[in-house]
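First comes the structure, then the notes that go with it.
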Amino acid sequence: MRRYDEPIEVRRGLVAGQEAPEQFIWRDRLWVVRDVVSHWVETGAWWDQEGISALLGVGAEGSEAKVSQGVTAVSLGADLLAESDRWRVEAYRGRAFRSGYGVFDLAFYWTQAQWRLVGCAD
């Protein structure tokens, strides 16, 4: 699968009985989703944050979590909130299922409210 990171326009609707991306425009071409192969949620690398690393006792020297009355103070950054919905879909170019075909990975990033095409096997 080739990797991309390009913005796309997505129209949601019913695909195989579930709400999912139904159509998307990528590089000025309309793609119609015929089937949803998979759907999952990904989060940012929250475990790499300085506060979490200190809490776990790993990472840079001198990084220590402050412990007060049994509560650990950790500053949670944007990585924890960088959640995205991922969809692997089978799609055809245009409205007819006879033209170009491919399997695409689409991502919706909640923090930016933006759809992106992140992978393609055609």
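What follows draws every value from the coordinates through simple rules; no lab data is involved. Predicted, not measured: the structure shown is a model, and the values here were computed from it. Cβ atoms come from the backbone with ideal geometry, glycine included; neighbour counts cover every protein chain shown.
Take 87-93, 16-22 and order them by the average number of nearby Cβ atoms within 10 Å per residue, most first; the result is 87-93, 16-22. Scanning residues 5 or more positions from Val15 or on other chains, those with amide H under 5 Å from its amide H are Ala20, with H placed 1.01 Å from N in the peptide plane.
Sorting the segments 114-122, 7-15, 36-44 by their mean number of nearby beta carbons within 10 angstrom, highest to lowest, gives 114-122, 7-15, 36-44.
For Arg34, nonlocal amide neighbours, meaning residues 5 or more places apart or on other chains whose placed amide H falls under 5 Å from its own, are Glu90, Ala91, Tyr92.
The H on the amide N of Gln114, modeled in the peptide plane, is under 5 Å from the matching H of Tyr109, each at least 5 residues off or on a different chain.
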